[in-house]
1. I'm told residue 209 meets every condition in (1) surrounded by fewer than 14 Cβ atoms within 10 Å (Cβ to Cβ); (2) of a type in the set (Asp, Glu); (3) touching a residue at least 24 places away in the same chain (Cβ under 8 Å) except one. Can you identify the failing condition by its number?
2. Taking residue 106, is it within 26 Å of residue 182 (Cβ to Cβ) and at pLDDT 90 or above?
3. Look through the stretch 133-155, keep the residues that are part of a loop (DSSP other than H, G, I, E, B) and modelled with pLDDT of 95 or more, and return whichever of them is surrounded by the most Cβ atoms within 10 Å (Cβ to Cβ).
4. Can you give me the number of residues within the stretch 82-133 that are free of Cβ contacts under 8 Å to residues at least 40 places away in the same chain, closer than 16 Å to residue 61 by Cα and among the aromatic types (Phe, Trp, Tyr)?
5. Right, residue 83: surrounded by fewer than 19 Cβ atoms within 10 Å (Cβ to Cβ), at positive phi and either modelled with pLDDT under 90 or assigned to a strand (DSSP E or B) (or both) or not?
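The values are calculated or read from the model by the stated rules, or taken from the named source; none is laboratory data. Model, not experiment: these values are computed from the prediction. A quick note on method: Cβ atoms are made from the backbone with ideal geometry, for glycine too, and the neighbour counts reach across all protein chains shown.
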Amino acid sequence: MVGGKKKTKICDKVSHEEDRISQLPEPLISEILFHLSTKDSVRTSALSTKWRYLWQSVPGLDLDPYASSNTNTIVSFVESFFDSHRDSWIRKLRLDLGYHHDKYDLMSWIDAATTRRIQHLDVHCFHDNKIPLSIYTCTTLVHLRLRWAVLTNPEFVSLPCLKIMHFENVSYPNETTLQKLISGSPVLEELILFSTMYPKGNVLQLRSDTLKRLDINEFIDVVIYAPLLQCLRAKMYSTKNFQIISSGFPAKLDIDFVNTGGRYQKKKVIEDILIDISRVRDLVISSNTWKEFFLYSKSRPLLQFRYISHLNARFYISDLEMLPTLLESCPKLESLILEMVKNQSTRRHGEKREPNVMVSTVPWCLVSSLKFVELKRSIPRYEGEMELVRYVLTNSTVLKKLRLNVYYTKKAKCAFLTELVAIPRCSSTCVVLVL
């Protein structure tokens, strides 16, 4: 003791600070618990007597098949949850049924949720569980995600609050079921159809005056009537699976094309996709896709994407030699995000070839418009990385920020930074961030 003052113990200080959360109002604590899984939320009951029953007031249930090894325990827990919320609303219900799906009464649980003003419903079925008709007329539902579910054919659909519809491996009784769901959702903004088991040979006629984001893959063909569509993400094999019929066009296009068809079929698909790309401002493209375009254009005039200002490209390092051509095709490019990944053939055959990405001419966008570049590297080591960084810094006249999202050991990073700061910059206002 010094000067008659008692020295505060560190453990007392820590204990006092840790207890602050218990002083929060119970509605706020309940909101915090809402964002945890139900298993973690229940665990907080062991903190103190005040916390013992707080988890029961959480307006949500988030369960996976590993929450308990006893299926009877899970069934009892879910039913008691609905009983305790008989007169209150439920904001979220997430159920991952797992291997014991046949032990659970999924249809009655979803029926119970819809009568309790459910907003977010996420159900992962294990083997073709049917979804009850009550889901089609849930007036409070905002977000619906179904995986491996079987839909029934409704006579009437009314989902006035639904903004997000996310279906993975969902089966439909006929081609009109999905159309009814979309047309019955007057405020729908985001639609994701992944590995959707749409009736074979049928084309989805997608009509929505509110849809802003659409994500489809190779298992469904879509004709799109969506005047407010902002972003389209499409994965294709051999054939183009979408057609846009509207006065406008999405500002952002995310394309992944893998060719498995014949030469004539591939040529037609590429030409159609290039027409679409020529109309967008924001493009996300994979290495495989650009490689097809690159090979297609070798005997033709340089491709020109005059509207693209934002480009996100994922390249195998063996394909980086195509990068300058891509940049030359985007004369008004302002933002470039480039992710470098290890070539799959390199993993198999042990090839060591490092491509030369530099050219004698400088693409026009580096001189006139490119302001932001981010380089991401998801491979342990790429010897040509510094050459690529030097190329960007020494040729980009108006560059404002270069972000390097790379991994190095501590020793290697010091050497990398030493070399980096020595590179002259064409733009005096450029800031370099190393993450």
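1. Only one criterion in (1) surrounded by fewer than 14 Cβ atoms within 10 Å (Cβ to Cβ); (2) of a type in the set (Asp, Glu); (3) touching a residue at least 24 places away in the same chain (Cβ under 8 Å) is unmet by residue 209, namely (3).
2. Answer is no for this residue.
3. 141
4. 3
5. It is false that residue 83 is surrounded by fewer than 19 Cβ atoms within 10 Å (Cβ to Cβ), at positive phi and either modelled with pLDDT under 90 or assigned to a strand (DSSP E or B) (or both).
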